[in-house]
Amino acid sequence: MLVMLLNLKINQYIIDMNKTLVVFFEGHFYGGAEKMLLWLATSLKKEGYNVRICQIYDNVDLSSQNIQIDNLHLKFVPSYLVHNIRYFTCGAIKIIHYLHKNNVKYVLSFGSNSFYLLGVLKHLMKFKLLVSERGFPPAKRFYKLRKILFEKSDICVFQTSGAKQYFNVELGEKAFIIPNPVEIPELKWQDDGLSNVVIFVGRLDIGHKRVDLLINAFQKVLTSVPDAVLRIVGSGYDEVQVRKIVLERGLREKVEFIGFSKNVLKELSSARVFVLCSDIEGMPNALLEAMAFGMPVVSTDCSPGGAAFLLGNNENGILVPKGDANELAKAVAMLLMDAEKRNYYAQKAREQAANHNPRMIISEWKKAIDKFMG
């Protein structure tokens, strides 16, 4: 009898593992993709799915998440070359061992470094792969290989139709377009008594986030609104260079560096206009969160169309061409000087954000997951 019970338990464990979705958390810092990946994993767990997270790096503390975390303890090295060599040698060995040891059958990846490895291994180790594109496909490394591996994945999720079109293949029923969710906070942005503060929230990055463009545009804003202040919330690899640009432009007294903040709503509540200046964004979480708070927003038309999807044809905020400091400055200055326009766009932004209710978004994800694991 005891042997039979033990065999039953072992068989049950094997069955459970065969039905478990393993989410690969690769991020060595906590950004928008990592935030959405954790939201998805924990939401699916609450919906009754068997979910485990395989965390590749130690840098982000996931211990507070109500979900099983398997940590591969790969050390992150800042050097780009050394980082990739370590990942595709030591990291690859750790991932292969983990997949084999746990007899993993269903894998979810958000399309970062692990995707290239998992995209190849799925054919060798016979597991199914769901991949989600979180950025601008042509800007990713090894784009042609990425396209091939995407097309051979079992389910593909895109944030916008703009991202999907870059793959130029008929993905059929295995392709899903699912935007990001956002909670509508009880607090709501109020214009009363605010000074002319323009706020940016995000990674201090010149290549994609174009914080250099923001500083250039803000200097032009000062010609129309001399008392304006630019508040930068966040940190990143290019912070030293960004600070240098501010000093070179003579803007030390007009630009405030807040650093990373755990209370972004508090920072947003002290500003009149939110600005996104990126060339490349998937579905910009910072923009969506500002809209949910009911703020007037200005954004560049970043590829592959996430901001345009949210703002429409200047319906829910002001959209300007990416890389155009003059148009960005004109839009920001106009909102700072026009209270009626500020309040109009604030209302429209919150209404649009309500379409991204997490309950609605997780229902779309469940359709993709059910098809994937069905």
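Descriptive notes on the structure:
- When P(r) over Cα pairs in 10 Å bins from 0, in percent is computed from the coordinates, the matching label among [x] 5, 23, 27, 22, 15, 7, 1, 0; [y] 5, 22, 30, 23, 13, 4, 1, 0, 0; [z] 5, 22, 31, 22, 9, 4, 3, 3, 1, 0, 0 is [y].
- The distance between label points at residue 77 and residue 364 comes to 4.0 nm (points 7 Å beyond Cα on the Cα→Cβ vector).
- Order by protection proxy (mean Cβ within 10 Å, highest first), peptides 187-195, 296-304, 341-349: 296-304, 341-349, 187-195
- Here each label is just a point 7 Å from Cα along the line to Cβ, and for residue 88 and residue 165 those points are 3.2 nm apart.
- The stretch between residue 261 and residue 247, if pulled fully straight at 0.36 nm per residue, gains 2.7 nm over its current Cα-Cα span.
- Accessible surface comparison of 49, 87, 237, probe 1.4 Å, protein chains only, largest first: the order is 237, 49, 87.
- Distance distribution note for region 268-342: the fraction of Cα pairs above 16 angstrom is 42%.
- Relative contact order (percent, whole number), region 183-277, Cα cutoff 8 Å, 6+ residue spacing: 43 percent
- Region 38-174 - Rg and Dmax from Cα coordinates, angstrom: 15.3, 41
- Above-threshold pairs, the threshold being 19 Å between Cα atoms, out of 147/367; 46/101; 144/164; 35/188; 46/266: 147/367; 46/101; 35/188; 46/266
- Separation between Cα centres of region 65-123 and region 26-40, rounded to whole Å: 15 Å
- Mean ellipticity per residue at 222 nm, deg cm²/dmol - from DSSP H runs of n ≥ 4 across the chain, formula -39500 (n - 2.57): -13000 deg cm²/dmol
- For the chain, no complete DSSP H run has alpha carbons reaching 27 Å or more along its own long axis together with a mean Kyte-Doolittle score of 0.0 or higher.
- Looking at the chain, the accessible area is 47 square angstrom per residue; that uses a 1.4 Å probe and ignores ligands, DNA and RNA.
- Computed extension length for residue 357-residue 190: 57.9 nm, one decimal, from 0.36 nm per residue of separation with the Cα-Cα distance subtracted.
- Cut-off 11 Å between beta-carbons: net charge of the residues surrounding residue 91, Lys and Arg +1, Asp and Glu -1: +2
- Residues listed by number, region 317-353, amide nitrogen under 20 Å from residue 269 label point at 7 Å toward C-beta: 343, 346-347, 349-351
- Taking only protein heavy atoms and a 1.4 Å probe, the accessible area of region 195-253 is 48% carbon and sulfur.
- Straight-distance candidates among the aspartates and glutamates for linking to residue 254, with alpha-carbon spacing under 18 Å and chain neighbours fewer than 8 residues away dropped: 212, 227, 239, 267.
- Alpha carbon centroid spacing (whole Å) that separates region 302-374 from region 218-268: 22 Å
- Partner aspartates and glutamates whose Cα lies under 14 Å from the Cα of residue 94, excluding those fewer than 8 positions away in the same chain, are identified as 26, 58, 70.
- Counting only protein heavy atoms and a probe of 1.4 Å, the accessible surface of region 299-348 is 46% carbon and sulfur.
- Computed over region 88-166, the range of Cα coordinates on each principal axis works out to 38, 23, 16 Å, biggest value leading.
- Under 5 Å from the amide H of residue 23 lie the amide H atoms of 52, 53, 54, 108, each residue being 5 or more positions distant or on a separate chain, with H modelled from the backbone and absent for Pro and chain starts.
The values are calculated or read from the model by the stated rules, or taken from the named source; none is laboratory data. Note that this is a predicted model, so its numbers are computed, not measured. Please note: Cβ atoms are built from the backbone with ideal geometry, for glycine as well, and neighbour counts cover all protein chains shown. For the accessible areas, the whole protein counts, side chains as well, though only heavy atoms, and no ligand, DNA or RNA atoms are used. Shrake-Rupley method; radii C 1.70, N 1.55, O 1.52, S 1.80 Å.
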